[in-house]
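Contents: one structure, followed by commentary.
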Amino acid sequence: MMGGMLGVTDPLTYLLGTIAIVLLPGPNSMFVLATAARFGVRRGYRAATGVFLGDLVLMTLAAAGVASALRAYPPLFTALKYAGAAYLAYLGLGMARAAVRRWRHGGSASSPGTAAEHAHARDPFRRALLVSLINPKAILFFVSFFIQFVDPSYAYPALTFVVLGAVLQVCSVAYLSALIFGGNVLANHFRERRRLASALSAGVAALFIAFGVKLATASLG
């Protein structure tokens with residue numbers, strides 16, 4: 001029976017909800033898009049791999065009850081959220097500085113921002129992984145969303161979490177792949193419109209700073 005397939009109470013509703021959630025803009029997807037647009041498909045997928053691993057870690061922590069620990073110890077949640085907000089703001093400010101340098105030099109290959117950008121490009125996996133892990137709200141979201149679709153009478157709840165996590169990862173792979181190839185197309189256009197690319201990079205930087213502010217003001221409620 002579909003309603004109880006591997007302990008998932010309502011697979012179709014879960015799938016539709018997951019797709020809607022994955023499509024919501026956030027720091028993970030914006031980082032992958034920006035990386036692909038600036039450095040190409042290969043580095044875009046390195047960033048995406050960091051997101052996949054980060055989500056896997058968060059799902060595992062949620063299943064292990066870490067979300068409950070965050071609720072039980074508000075100071076831990078506060079420390080994590082401020083650390084996460086600071087890192088998002090740091091990434092945003094770095095992107096903004098590089099965008100300003102490129103704008104001042106007309107986006108030329110010899111601009112001072114180029115070396116900094118390529119230093120950033122060497123570790124998109126690590127940066128994306130950190131972006132994924134720094135948001136304690138994500139752990140709370142995973143457990144509050146997943147738990148609605150777990151059949152409490154099913155004998156193997158761990159298997160249910162695996163199924164739910166696999167569905168989320170498949171949706172995430174499809175969406176981030178679309179962003180990566182879309183970003184690569186944008187990169188081809190931006191090579192001829194370097195000032196426009198700088199302006200859009202500044203916009204992405206502003207989004208990251210906004211994500212940091214949003215995280216800093218998040219609550220456990």
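The values are calculated or read from the model by the stated rules, or taken from the named source; none is laboratory data. Please read these numbers as outputs of a predicted model, since none were measured by experiment. As a convention, Cβ positions derive from the backbone with ideal geometry for all residues, glycine included, and neighbour counts pool all protein chains shown. Areas reflect the complete protein model, heavy atoms only, side chains present, ligands, DNA and RNA absent. Shrake-Rupley method; radii C 1.70, N 1.55, O 1.52, S 1.80 Å.
Picking from residues in the stretch 121-145 that are more than 29 Å from THR13 (Cα to Cα) and at pLDDT below 85, the one that is most open to solvent (accessible area, probe 1.4 Å) is ARG122. Considering the stretch 164-186, and only residues there that are among the β-branched types (Val, Ile, Thr) and at pLDDT 90 or above, the residue that is most open to solvent (accessible area, probe 1.4 Å) turns out to be VAL170.
For the stretch 148-169, a tally of residues being part of a helix (DSSP H, G or I), under 25 Å from the mean Cα position of the chain (by Cα) and not aromatic (Phe, Trp, Tyr) returns 12.
Tallying residues that are free of Cβ contacts under 8 Å to residues at least 24 places away in the same chain and among the polar types (S, T, N, Q) within the stretch 149-180 yields 1. Residues that are open to solvent by less than 30 Å² (accessible area, probe 1.4 Å) and at pLDDT 75 or above within the stretch 146-162 comprise PHE149, VAL150, THR160, listed in sequence order.
In this structure, GLY40 does not satisfy being surrounded by fewer than 19 Cβ atoms within 10 Å (Cβ to Cβ) and closer than 23 Å to LEU168 by Cβ. Determine, yes or no, whether ALA20 is within 23 Å of GLY84 (Cβ to Cβ) and among the small types (Gly, Ala, Ser). So ALA20 fails the test. Within the stretch 80-94, no residue that is under 18 Å from VAL32 (Cα atoms) sits with its Cβ atom under 8 Å from a residue that is outside any helix (DSSP H, G or I) and among the hydroxyl-bearing types (Ser, Thr, Tyr) at 6+ positions apart or across chains. Checked against (1) open to solvent by 10 Å² or more (accessible area, probe 1.4 Å); (2) at pLDDT below 80, LEU33 passes all but a single condition, namely (2).
When ALA69 is evaluated against the numbered criteria (1) under 19 Å from PHE142 (Cβ atoms); (2) surrounded by 16 or more Cβ atoms within 10 Å (Cβ to Cβ); (3) at pLDDT below 85, which criterion, by number, is the only one it fails? (2) is the only condition that ALA69 fails.
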